[in-house]
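Take a look at the structure below.
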Amino acid sequence: MAHIIDGKRISQEIKDELREQTAKLKEQGISGCLAVIQAGADPASSVYVRNKKRACEYIGIESRSFELPEETTEDELLALISQLNADETVTGILVQLPVPPQIDENKIIQAISPQKDVDGFHPHNVGALLSGLAGFVSCTPAGVIQLLKRSGIEIAGKSCVVVGRSNIVGKPMAVLMLRENATVTIAHSKTENLRSVCQQADILIVAAGRPKMIDASYIKEGAVIIDVGIHRNAENKLCGDVDYDSVLPLVRAVTPVPGGVGPMTIAMLMHNCVEALKQQGGVQEI
Ligand code: GUN
């Protein structure tokens with residue numbers, strides 16, 4: 001019987017651990033604030049932003065919202081980031097992506113102070129990850145590592161295939177699996193014989209952005225499948241990059257969509273927010 005990896009339960013466990021930590025920090029007079037910036041009113045972004053603010057409230061850190069109009073200029077957004085970088089009461093800064101087309105996303109990411117970059121997108125933090133140094137790690141791949149570890153799935157020595165090479169998921173995911181001593185392959189839309197590459201995987205992590213592209217024919221029996229995709233199908237139902245019903249009879253463990261990787265992203269954002277406030281509050285260990 002396949003183990004269904006319960007991301008809702010594991011993310012709740014992490015948020016409860018963080019809530020305890022923030023309560024202890026508060027007793028020491030240490031608190032923090034996450035600044036959440038949204039430019040424009042993309043409905044999906046609004047849902048994500050609302051959920052992030054709710055999670056802050058749950059774990060006990062303040063969040064401050066900046067809802068900017070769609071016409072916001074790059075200079076205006078850069079000025080706001082500069083002001084928040086300098087504000088000692090703000091311990092984390094998050095700009096919800098995508099930003100409107102007149103704004104250069106890379107400039108925005110690079111403007112955020114690396115010490116407040118709780119998304120882990122700044123090249124300073126990306127470089128730290130690659131070099132094995134301390135820094136903020138992108139939340140979705142960090143969440144996948146937690147799902148695997150907290151489900152008792154061994155990583156060291158295993159063959160891991162990551163499908164997808166985005167800056168936010170695929171690339172940091174591969175580096176994190178390497179850090180855990182997996183043997184890692186990054187596959188993508190140009191990979192030849194993708195099916196046979198995926199069939200080599202003990203752990204297959206799919207972040208390709210294509211609904212149900214991975215079915216049973218891509219999978220080695222007994223593999224662990226992590227599905228990072230999230231899409232709405234024609235019947236308005238959520239589905240992932242993996243054809244869940246097709247792979248289920250073959251796998252050792254699999255993440256469902258919804259309720260797998262999705263809730264972990266916010267839990268790991270909260271983890272980064274607590275790390276930021278500990279660092280800026282001068283706390284080593286609590
Ligand atoms: N848009 C989609 N995912 C993310 C994320 O993890 N962080 C931010 N800031 N924007 C996103």
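The values are calculated or read from the model by the stated rules, or taken from the named source; none is laboratory data. Since the structure is predicted, the reported quantities are computational estimates derived from the model, not experimental observations. Ideal geometry is used to build each Cβ from the backbone, glycine not excepted, and the neighbour counts take in all protein chains shown. Heads up: the accessible areas ignore ligands, DNA and RNA and are worked out on the full protein's heavy atoms, side chains in. Shrake-Rupley method; radii C 1.70, N 1.55, O 1.52, S 1.80 Å.
Computed quantities for the displayed model
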item: Length-normalised contact order for the range 66-165 - Cα pairs under 8 Å, 6+ apart - percent; result: 18 percent
item: Long-range HN-HN contacts of R64 with modeled amide H, under 5 Å; result: L34, A35, V36
item: Rg to Rh quotient for the range 105-157, alpha carbon positions, Kirkwood Rh; result: 1.08
item: The range 28-88 - percent relative contact order, Cα under 8 Å, separation 6 or more; result: 42 percent
item: Whole-Hz couplings from phi, Karplus 6.51/-1.76/1.60, listed for the range 173-187; x for Gly and Pro; result: 4, 5, 5, 5, 5, 5, 4, 8, 6, 7, 9, 10, 10, 9, 10
item: Nonlocal amide H pairs with G40, under 5 Å, H built at 1.01 Å; result: L68, E70
item: Under the Karplus curve 6.51 cos²θ - 1.76 cosθ + 1.60, θ = phi - 60°, whole-Hz ³J(HN,Hα) for the range 196-203, x wherever Gly or Pro sits; result: 6, 5, 5, 5, 7, 7, 7, 10
item: The chain: most fluctuating residue of C33, C273, C139 per GNM, C-alpha cutoff 10 Å; result: C33
item: Square roots of 5 times each gyration tensor eigenvalue, C-alpha, the chain, largest first, Å; result: 32, 21, 18
item: Among 154-164, 96-106, 204-214, the order from most to least packed when residues are scored by Cβ within 10 Å on average; result: 204-214, 154-164, 96-106
item: DSSP-defined antiparallel bridges as percent of all bridges, the chain, nearest 5; result: 5 percent
item: Degrees, to the nearest 10: 139-150 long Cα axis against longest axis of the chain; result: 60 degrees
item: Per-residue HN-Hα couplings for the range 252-261 [Karplus 6.51, -1.76, 1.60; θ = phi - 60°; Hz; x = Gly/Pro]; result: 7, 8, 8, 8, x, 10, x, x, x, 6
item: Amide hydrogen neighbours beyond the local backbone of S159, cut-off 5 Å, H modeled; result: T183, D202, I203
item: The range 154-283 - percent of accessible surface contributed by carbon and sulfur, probe 1.4 Å; result: 48 percent
item: Against the rule of thumb 2.2 N^0.38 Å, how large the Cα Rg of the range 139-220 comes out; result: 1.01
item: Within the chain, helix-based [θ] at 222 nm, where runs of 4 or more DSSP H residues each add -39,500 (n - 2.57), nearest 500; result: -12500 deg cm²/dmol
item: Heavy-atom accessible surface of the range 25-144: percent carbon and sulfur, 1.4 Å; result: 52 percent
